[in-house]
Each structure stands twice: as structure tokens, then as C-alpha cells.
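> Structure in C-alpha cells, see below.
The values are calculated or read from the model by the stated rules, or taken from the named source; none is laboratory data. Bear in mind the structure is a predicted one, so any value in this text is a computation, not a measurement. Don't worry about glycine lacking a Cβ; one is built from the backbone with ideal geometry, like all the others, and counts go over all protein chains shown. In case anyone asks, the SASA skips ligands and DNA or RNA and just uses the protein heavy atoms, side chains included. Shrake-Rupley method; radii C 1.70, N 1.55, O 1.52, S 1.80 Å.
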Amino acid sequence: MCGIVGAIAQRNVVPILIEGLKRLEYRGYDSAGLAVIDNNQLSRRRALGKVAGLEALCLAEPVQGLIGIAHTRWATHGKPSTENAHPHFCREQVAVVHNGIIENHMLLREQQRQAGYTFASETDTEVIVNQIHAELDHSPDLITAVQRTLAHLEGAYALGVISQQFPNRLIACRKGSPLVIGVGIGEWFIASDVAALLPVTQRFIFLQEGDVAELCLEKVTIYAHDGQIVERPIVVSQLTANAVDKGNYRHYMQKEMFEQPYAIAETLEGRFINQRLQDSAFGHNAAEVFDQISAVQILACGTSYHAGLVAKYWFEKLARVPCQIEVASEFRYRNPVLADNVLIVTISQSGETADTLAALLEAKRLGAKYALAVCNVPESSLVRESDLVLMTRAGPEIGVASTKAFTTQLTALMLLVLAIGRRFQLSSEMEAKITAELFNLPARIEAVLQLDDEIKAHAEYFAEKQHALFLGRGTHYPIAMEGALKLKEISYIHAEAYPAGELKHGPLALIDADMPVVVVAPNNSLLEKLQSNMQEVSARGGQLIVFMEESVSAEAHEGIQIIKIPAVTNEISPIIFTVPLQLLSYHVAVLKGTDVDQPRNLAKSVTVE
């Protein structure tokens, strides 16, 4: 979740480091810092709070250097503070930035104390920099000291290391946390993801699990986990520096909501021939894999888990394919039993979600033969670990609260239902019907976005509320869950979602005039039952905010507000109905004055457990 930037160049790297940190702010953080080597001396600046505070500090207390590392920290070990901010030093000779968790840090800390080392922070990272310092006494160079240090570490890490003893060397390594190398002209960079480096390069080397790299001006040398020198390919990113700008929008989240029609169109582009989905969209051997599978197991976290819940309904209702879904962080610890010839489907926007990656590896250990990733980052760890891939092509998503990544995940998962379902009980007529609906989906999303002003007006009702309840049925229950998650993420209103049929099993006790109840009401076979649930709320003085399909006859009155959604078909309606819930959450958060794009305590990419 932390962000790392580093550089070695023939120019002052401080502006590069600062700009890189700004471009990683979406990941979530509570402090920021940088360290450079100038005249063979380490210099450091650290600040609690935003990168802007660090930038101001560097202007007030100027610092420069041709080599440096920088970091945005999201607190794990130790509270947010300047002392706990990275980079961490050892005896003013070695500096380290670290993303991840060192699980055996307490043991190492005690050993190092006995060896005479002192600690200036509460972090697990300090044991790394102390260990490197200790290993330098017995190593010919910095790369060897780092490699020897890694042998002592248990856990996950991405590291950037510099030392005044070797002022022309930047060391980078990764295990369980992402790290990329940016390739410049006579200069090199490192970062947690490509977005940080787009102003200086579009050429990247993606370090693989266990890699350790030594960067100097002349070259980069990469060592695999076994210590052997390896070559990693240079990949040219299609992203540009302005791809992660807000443009004319007030927030990234707002921009990303309005990008959804285009993002969904991109998800569909080039995957059909003569209106028929091609198996090859999932990989060159996808047809062979799909012919073998007998069931689907979905693994995901957070918003991606909600997308998987919708897909479970689709797989079983439309295609009659057995499908299970589990929160990835639970799956890996409960010794699950997998069906024979199961397809493991992992869902992650970043492709670096630690629990999802670990769950995939656990499924492989348990004997799963086939794995497919639904992901938005082509060079990510999840993609590399999977046999098949469907890229969502949502483009960079900066706002912590996922919007276009979610709707493109749903679109991609429906494609997977089509591809697998045709091998089970999905009829060619139903496949053609859904295909036509998918092609109309961007226009339908565009129509829903036109409700922005109306939804903004309804959002005022939530401004002083502390709690909210979301109700849905069938495929729209996960959409209610996603709506509740969005509201709590960015407005800090406590929100929960329930299947509407569960009202009498507990939630009804919460209903009063101060508890807004948001209802997702498509015109489907469950509508009458849903309307009965709404009557139960009204009868107890509850205030209903109903997102209702326009084909349903219903009028607003005291205690019920209705927002009419353009008519949609049942199969893709979950994708449609998620958009007004995003708009509602956004406008509530703006009214409450919260940090929409970087809500407190949250990070965009959860790269540690």
C-alpha cells in the first residue's frame, strides 16, 4: 500500500522523486519522505501528512542529489509520525524505503539490540536497514550486503536501498510487493507502479518475485531469487503522463465515473467476430481449458468480491455452471476442498492484491490446474501467475473508491459467463441476446450518468445522517453491498447492505426516521417481493430512497424518494444500477467535505495482509 520511488541520474533527482510521490498519492498514505546522497553524504527530509508538506519542507530546507529514494507510508507497525516515516537510516550510512511487512522483525530487533544497534522508530523496516549495515562489514559491495540481508527476512517486501559508501548504486528488490524499473536515457528509476514514472519514461522492466536489481548509470544488473544473473524484458507502456490527470473534473472519482461508458466499450472492443465472443480473448489456449472445466471458484477482495458475487448468480442462473466464491483472505487459511477440473477465477484491479495472490498460489498448491485473472494491469503479478487473462482495459483508476474498475470487471465477467456457459446450458439465443445488451451497455451507462444533478439533490438528505441501510434482491444484492461500501468508504457514514428478504430477521429493528434505506429496484420477477419489503420499512417510519426502473409505476410521496433509472434488461441490469449508487456516494461525500479520492485510513492497492 505504501509507495516507493527511486532514481539515479546525471541531474538532481529530488523533483523526480517528489513528482513520483504525488502520482502515488492515490495508494493511500499518512507520511512522506525522501533521502539523497550529496557529496557522499546522506540527507533526508520527512513530513507527516501529504506530499505537499514534504515538498514545502524541501523548499524551506533545500536538498539535492544525483541518486535518491522516496516513500509514502501507510502505517502498519507504529503510528503515523515523522519518526516512523521512511526512509530509515542506520548510523547515517545506509538508507532504506520499504513496502510490505517483515514478519520476524521482533526476533531481528532483539538480535540487533544485542549487537549494539539502537532504534529510532517503531517500524519493522528499521531491522532491514540495520541488517544491511551489519552485512556491509562482511561484504565487498552493497548488492551483496542486501542479498545477505534478504536471507534473514521473513515476509513481504519491496525495497529501495542506497548507501554513502557506494554513492553510485541503487538497489531494488521485491518479494510479495510490486516494484518496477523505469528505463531512461543514461538514467534509471524505480517505483511501486508505472504511474509514478510516466513523466520521465514509458519503458519499464517488471521485476519478478525474488528479483534483486543493482542500478548504476551505465547499466542495470538483475539477479533472480537463486542469485543467477537474468534478463528481464523492457515493456513499453501505453499510458501517458496525462492519463492520470483529473482534467476538468473536481475529483478523480468523478472523472472515473464519467469514463465508464468508454471503459466498458474498451473492455468489449476486439473480442467479438460477427457478434460472437472469441475464446481467444482469454488466451491462446482458452478453448482447450474451457472444454475441460466442470466448475468455477472465484477469489477476490473488497469491490472485486462484489463483482464476483454477481458473477456467481450469472454462472448458475444463466449457464447452470457450478460456481463458488470466497473472500481471498479467508480461502487461503481454511484448507478448502476444490472441485475436480475447477477454474480458479481471480479478480483484482491492480493485480497486486496480496490476499488474492496468496489465495491463487494456495489453490495451485491444492491441485487446481487452471487459473484465469480478471485484471486491469497487464504487467501485474496476478496476470503473470495465471494461465488465462481477461484485461478490463479500464485505464488508470486513481480514486481509492473503485468505479470504472468495478463496472468493467462486471462486463468482463459476463464475457466469461458467455464463453464457459456455451459449453453448459447457455443457449445460443440467450448468448446472442446478452451480446446485444453488452454492445448497448455504454449508451445505457451514459443515460444513467445524465441523472447526476437529480441524484446530487437527493444526496442532501444524507448530509447529517450517521447510518444507512441498502437493500437488494438476487443479482442486485451484491450491488446493494457495493453501494453501501462506497458510501462508508468516502463519506464515513456507517452503511450496511442486506438481502431485502432478511429485513424481518434483524435489520428491521434499526428502522426509524433517521435511518435512510436505499433500495435497488429493477423491474424483474422479484419486484413484488421487494415492494412488500419497502412497505415494511414505510410502515415503521423509515425513509426510502429507491432507485427504480422507469417502467415501474410508482410515485414519490412522504417517506419515499424515487429516482427513475432508464429501462434495462435483466441480464445486465446490475451493471446499470451500480452507477447511480456511485453518484449518490460521491455527492454525499462532497457535501460532507471528506477527502473523496483519498479517504482516511484506506489505500488503493492492498499489497500487504
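> Consider residue 371 against the criteria (1) touching a helix residue (DSSP H, G or I) at 6+ places or on another chain (Cβ under 8 Å); (2) among the hydrophobic types (A, V, I, L, M, F, W, C); (3) at pLDDT below 95: it satisfies all of them except one. Which criterion is unmet?
(3)
> Do we have residue 146 as in a helix (DSSP H, G or I) and either in contact with a Pro (Cβ under 6 Å, 6 or more places away or on another chain) or under 30 Å from residue 106 (Cβ atoms) (or both) here? Write out each step before concluding.
Values: in a helix (DSSP H, G or I): yes; either in contact with a Pro (Cβ under 6 Å, 6 or more places away or on another chain) or under 30 Å from residue 106 (Cβ atoms) (or both): yes.
Yes; evaluated as a whole, the condition is true for this residue.
> Tell me, which strands (runs of 3 or more DSSP E) lie completely within the range 191-283 with 3 or more residues that are surrounded by fewer than 21 Cβ atoms within 10 Å (Cβ to Cβ)? It would help to see each step written out before you state the result.
On the way: elements: 203-206, 212-215, 220-223, 234-236.
Answer list for the range 191-283: 220-223, 234-236.
> Yes or no: the range 407-417 includes at least one residue that is in a loop (DSSP other than H, G, I, E, B) and on the phi < 0 side of the Ramachandran plot. Explain how you work it out, then say what you get.
From the range 407-417, those in a loop (DSSP other than H, G, I, E, B) are none; that's our starting set.
No, the range 407-417 contains no residue that is in a loop (DSSP other than H, G, I, E, B) and on the phi < 0 side of the Ramachandran plot.
> Could you give me the residue pairs with C-beta distances under 8 Å whose first residue belongs to the range 547-567 and is open to solvent by 30 Å² or more (accessible area, probe 1.4 Å), whose second residue is of a type in the set (Phe, Trp, Tyr) and at pLDDT 75 or above wherever it lies, and which are 6+ apart or on separate chains?
Once the first residue is open to solvent by 30 Å² or more (accessible area, probe 1.4 Å) and sits in the range 547-567, its partners that are of a type in the set (Phe, Trp, Tyr) and at pLDDT 75 or above give 561/461.
Each row is one residue, and each column tells you yes or no for (1) modelled with pLDDT of 95 or more; (2) under 21 Å from the mean Cα position of the chain (by Cα); (3) of a type in the set (D, E, K, R).
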{"site": "185", "(1), (2), (3)": "no, no, no"}
{"site": "190", "(1), (2), (3)": "yes, yes, no"}
{"site": "195", "(1), (2), (3)": "no, yes, no"}
{"site": "202", "(1), (2), (3)": "no, no, no"}
{"site": "208", "(1), (2), (3)": "no, yes, no"}
{"site": "214", "(1), (2), (3)": "yes, no, yes"}
{"site": "217", "(1), (2), (3)": "no, no, no"}
{"site": "227", "(1), (2), (3)": "no, no, no"}
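> Still on this model: Does residue 354 satisfy being under 14 Å from residue 331 (Cβ atoms), crowded, with 21+ Cβ neighbours inside 10 Å and modelled with pLDDT under 90?
So residue 354 fits the description; yes.
> Going by the structure shown, is residue 469 under 18 Å from residue 578 (Cα atoms), at pLDDT below 90 and open to solvent by less than 70 Å² (accessible area, probe 1.4 Å)?
So residue 469 fits the description; yes.
> Determine whether residue 116 is small (Gly, Ala, Ser), surrounded by 24 or more Cβ atoms within 10 Å (Cβ to Cβ) and farther than 20 Å from residue 41 by Cα. Quick ask: steps written out before the conclusion?
Details: small (Gly, Ala, Ser): yes; surrounded by 24 or more Cβ atoms within 10 Å (Cβ to Cβ): no; farther than 20 Å from residue 41 by Cα: yes.
Taking the combined requirement at face value, the residue does not satisfy it.
> Also: Restricted to the range 5-29, and to residues that are in contact with a strand residue (DSSP E or B) (Cβ under 7 Å, 6 or more places away or on another chain) and part of a loop (DSSP other than H, G, I, E, B), which residue is surrounded by the fewest Cβ atoms within 10 Å (Cβ to Cβ)?
29
> When you check residue 433 against the structure, is it farther than 30 Å from residue 258 by Cα, modelled with pLDDT of 90 or more and part of a helix (DSSP H, G or I), yes or no?
Values: farther than 30 Å from residue 258 by Cα: no; modelled with pLDDT of 90 or more: yes; part of a helix (DSSP H, G or I): yes.
It is false that residue 433 is farther than 30 Å from residue 258 by Cα, modelled with pLDDT of 90 or more and part of a helix (DSSP H, G or I).
> Keeping to the range 272-299, report how many residues are modelled with pLDDT of 95 or more and either under 16 Å from residue 414 (Cβ atoms) or within 23 Å of the chain's Cα centre (by Cα) (or both).
So the count comes out to 5.
> For residues in the range 30-51 being open to solvent by 30 Å² or more (accessible area, probe 1.4 Å) and touching a helix residue (DSSP H, G or I) at 6+ places or on another chain (Cβ under 8 Å), which is nearest to residue 403 (Cα to Cα)?
50
> Please work out which residue is least open to solvent (accessible area, probe 1.4 Å), limiting yourself to the range 586-604 and to residues that are modelled with pLDDT under 80 and in contact with a Phe, Trp or Tyr (Cβ under 8 Å, 6 or more places away or on another chain).
603
> Moving on to the next point. Looking only at the range 289-326, which residues are of a type in the set (A, V, I, L, M, F, W, C) and open to solvent by 20 Å² or more (accessible area, probe 1.4 Å)? Break it down stepwise before answering.
Restricting attention to the range 289-326, the residues satisfying the condition of being of a type in the set (A, V, I, L, M, F, W, C) are 289-290, 293, 295-296, 298-301, 307, 309-311, 314-315, 318-319, 321, 323, 325.
Selection gives 301, 309, 318, 325.
> I'm trying to understand the selection: among the residues of the range 64-105, which are open to solvent by 10 Å² or more (accessible area, probe 1.4 Å), touching a helix residue (DSSP H, G or I) at 6+ places or on another chain (Cβ under 9 Å) and more than 28 Å from residue 598 (Cα to Cα)?
64, 89, 91, 93, 104, 105
> For the range 264-309, how many residues are among the hydroxyl-bearing types (Ser, Thr, Tyr), touching a strand residue (DSSP E or B) at 6+ places or on another chain (Cβ under 8 Å) and free of Cβ contacts under 8 Å to residues at least 60 places away in the same chain?
The qualifying residues number 2.
> Please tell me if residue 141 is closer than 22 Å to residue 111 by Cα and out of contact with any helix residue (DSSP H, G or I) (no Cβ under 8 Å at 6 or more places or on another chain).
Values: closer than 22 Å to residue 111 by Cα: no; out of contact with any helix residue (DSSP H, G or I) (no Cβ under 8 Å at 6 or more places or on another chain): yes.
Here the answer is no, as residue 141 does not meet what is asked.
> Another question, if that's okay. Residues to consider are 331, 315; find the one that is aromatic (Phe, Trp, Tyr) and either in contact with a Gly (Cβ under 9 Å, 6 or more places away or on another chain) or at positive phi (or both). Talk me through it step by step, then tell me what you get.
Working: 331 fails: either in contact with a Gly (Cβ under 9 Å, 6 or more places away or on another chain) or at positive phi (or both).
Exactly one of 331, 315 is aromatic (Phe, Trp, Tyr) and either in contact with a Gly (Cβ under 9 Å, 6 or more places away or on another chain) or at positive phi (or both), namely 315.
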